[in-house]
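Reviewing the structure listed below.
The values are calculated or read from the model by the stated rules, or taken from the named source; none is laboratory data. Quantities reported herein were computed from a predicted structural model and do not represent experimental measurements. Positions of Cβ are backbone-derived with ideal geometry, glycine not excepted, and every protein chain shown enters the neighbour counts. Keep in mind that these areas ignore ligands, DNA and RNA; they rest on the heavy atoms of the full protein, side chains included. Shrake-Rupley method; radii C 1.70, N 1.55, O 1.52, S 1.80 Å.
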Amino acid sequence: MAIRLGDKAPNFKAVTTEGEIDFYDWKGDSWAVLFSHPADFTPVCTTELGTVAGLKGEFEKRNTKVIGLSVDPLDSHEGWAKDIADVTGNALNFPLIADHDRKVSDLYDMIHPNADDTLTVRSVFVVGPDNKVKLTLTYPASTGRNFDELLRVIDSLQLTAGHGVATPANWKDGDKVIIGTGISDEEAKDKFPGYETVKPYLRVTPQPR
Ligand code: BEZ
């Protein structure tokens, strides 16, 4: 059964490059990104994991923990970590799950048999402090993900969770935002003084801080 937005992210225990973890205990009340890659010692995955390692500070600023996964065993992850550092200049600085028995992959539906019978696709789950799934993404093995986009989405998720606003196409931190349709004009005047009405259903305002 696919995991959908708003679902509780299933908990699990797993062996990782940073020891055994219980997902909920490891995550605590932070945000989390759980992402899979198809296989160790492969070109696209090497660039992806190094890129994520290089963004550690950006994830930390967003109170977001990151954890990766593939079905390769622990000794493979450990050997590959040296290549990731060599190639990208970024040492692995987040746990990588060794999901040799596919327990987590199956739980999160990360193996798509019509794409590949055994390897995980490039899945991403963003999980909120309430342990609910806020975002899912699925990319094929041949396409490396844009992790700047992932940071942008986390910015939007964190902003929209607290302020009754939504973010428009291609929004980035600091741009104007959209006032949620659930907020009346009266309320909007109070909450977002000076907001602009583009259409009755499209009202914009500077990004709340
Ligand atoms: C890659 O990371 O380049 C890759 C991994 C698995 C299948 C195809 C490509």
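Criterion first (modelled with pLDDT of 95 or more and more than 24 Å from residue 109 (Cα to Cα)) does residue 48 satisfy it?
Values: modelled with pLDDT of 95 or more: yes; more than 24 Å from residue 109 (Cα to Cα): no.
No.
Regarding the range 167-189, can at least one residue be identified that is among the hydroxyl-bearing types (Ser, Thr, Tyr), at pLDDT 95 or above and surrounded by fewer than 17 Cβ atoms within 10 Å (Cβ to Cβ)?
Checked against the condition, which is being among the hydroxyl-bearing types (Ser, Thr, Tyr), at pLDDT 95 or above and surrounded by fewer than 17 Cβ atoms within 10 Å (Cβ to Cβ), the range 167-189 yields at least one hit.
Out of 119, 157, I need the residue that is at pLDDT 95 or above, more than 16 Å from the ligand (Cβ to nearest atom) and closer than 30 Å to residue 24 by Cβ. Which one?
Details: 119 fails: more than 16 Å from the ligand (Cβ to nearest atom).
When all the criteria are applied, what remains is 157.
Looking at the range 137-154, which of the residues that are part of a loop (DSSP other than H, G, I, E, B) and of a type in the set (S, T, N, Q) is surrounded by the most Cβ atoms within 10 Å (Cβ to Cβ)?
So the residue we want is 146.
(1) within 16 Å of the ligand (Cβ to nearest atom); (2) in contact with an Asp or Glu (Cβ under 7 Å, 6 or more places away or on another chain): which one isn't true of residue 129, the others all being true?
Only one criterion in (1) within 16 Å of the ligand (Cβ to nearest atom); (2) in contact with an Asp or Glu (Cβ under 7 Å, 6 or more places away or on another chain) is unmet by residue 129, namely (1).
Looking only at residues that are within 16 Å of the ligand (Cβ to nearest atom) and in a loop (DSSP other than H, G, I, E, B) in the range 1-51, which one is most open to solvent (accessible area, probe 1.4 Å)?
Result: 41.
Would you point out which residue out of 106, 75, 99 is touching a strand residue (DSSP E or B) at 6+ places or on another chain (Cβ under 9 Å), of a type in the set (Asp, Glu) and free of Cβ contacts under 8 Å to residues at least 24 places away in the same chain?
75
Please pick out the residue among 89, 68, 57 that is surrounded by fewer than 16 Cβ atoms within 10 Å (Cβ to Cβ) and touching a residue at least 12 places away in the same chain (Cβ under 8 Å). So that I can check it myself, show each step before the final result.
Details: 68 fails: surrounded by fewer than 16 Cβ atoms within 10 Å (Cβ to Cβ); 57 fails: touching a residue at least 12 places away in the same chain (Cβ under 8 Å).
Being surrounded by fewer than 16 Cβ atoms within 10 Å (Cβ to Cβ) and touching a residue at least 12 places away in the same chain (Cβ under 8 Å) holds for just one of 89, 68, 57, which is 89.
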